[in-house]
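A short write-up of the structure that comes next.
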Amino acid sequence: MEGHLTAKSDVYSFGVVLLEILSGKKAIDKNRPMGEHSLVDWAKPYLTNKRRVFRVLDARLEGQYSLSHALKVAILSLQCISMDPKSRPTMDEVVTALEQLQQSKDVAKNDKKVRQVNQHSRSSFALKKSCKSSTEETPAKSKYPRPSLSLLS
């Protein structure tokens, strides 16, 4: 960085913020071991290796995110913190990438809800079918008292 504030330096800064969110660590922390004071310097070797990228993720958030989405955000942050400003995405591209992740998350949630509704509908149908067949076998008078349609009438 040369001290010039540009749209690309904003993207770099946003990449650092993404890293802070992913890792749960501050951008600069003098209490960390030597060579790890800078979050970017510490994280870059992990972010460039698909098998090691998960070492960057905040363990306190485990189970609260999709691993594939976390990997995509990690890759996006790596692109944002590229030392070559020309290699960094534009902020529009960053926003688009994050929106796509959000949409795919929403689709996955909706798919899960649809599966749950379908499963509930199938089990309700099976229960109704079971109840129907059992009522067909019993006499017209029910063994169990049933409330009238309205308790007020």
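Structure notes:
- Filtered residues of region 23-47 (kept if of a type in the set (S, T, N, Q) and assigned to a loop (DSSP other than H, G, I, E, B)): 31
- Top-ranked residue of region 13-56 - restricted to ones that are at pLDDT below 95 and acidic (Asp, Glu), ranked as nearest to residue 78 (Cα to Cα): 41
- Some residue of region 21-28 being over 14 Å from residue 55 (Cβ atoms), of a type in the set (A, V, I, L, M, F, W, C) and touching a Lys or Arg at 6+ places or on another chain (Cβ under 8 Å): no
- Unmet requirement for residue 95, which otherwise passes all of (1) part of a loop (DSSP other than H, G, I, E, B); (2) modelled with pLDDT of 60 or more: (1)
- For region 30-38, the criterion of being touching a residue at least 12 places away in the same chain (Cβ under 8 Å), surrounded by 15 or more Cβ atoms within 10 Å (Cβ to Cβ) and of a type outside the set (Asp, Glu) is met by none of the residues.
- Taking the listed residues 5, 19, the one that is in contact (Cβ under 8 Å) with a residue 60 or more places away in the chain and among the aliphatic types (A, V, I, L, M) is 19, with no other qualifying.
- Of all residues in region 76-96, those that are touching a residue at least 12 places away in the same chain (Cβ under 8 Å) have Cβ atoms under 6 Å from Cβ atoms of residues that are surrounded by fewer than 20 Cβ atoms within 10 Å (Cβ to Cβ) and among the β-branched types (Val, Ile, Thr), 6 or more apart or on another chain, in 81/40.
- Residue check for residue 112: over 25 Å from residue 7 (Cα atoms), at pLDDT 70 or above and in a helix (DSSP H, G or I): no
- Residue in region 55-74 that is assigned to a strand (DSSP E or B) and β-branched (Val, Ile, Thr) present: no
The values are calculated or read from the model by the stated rules, or taken from the named source; none is laboratory data. In this text the structure is predicted, and so the values were computed from the model without any measurement. Ideal geometry is used to build each Cβ from the backbone, glycine not excepted, and the neighbour counts take in all protein chains shown.
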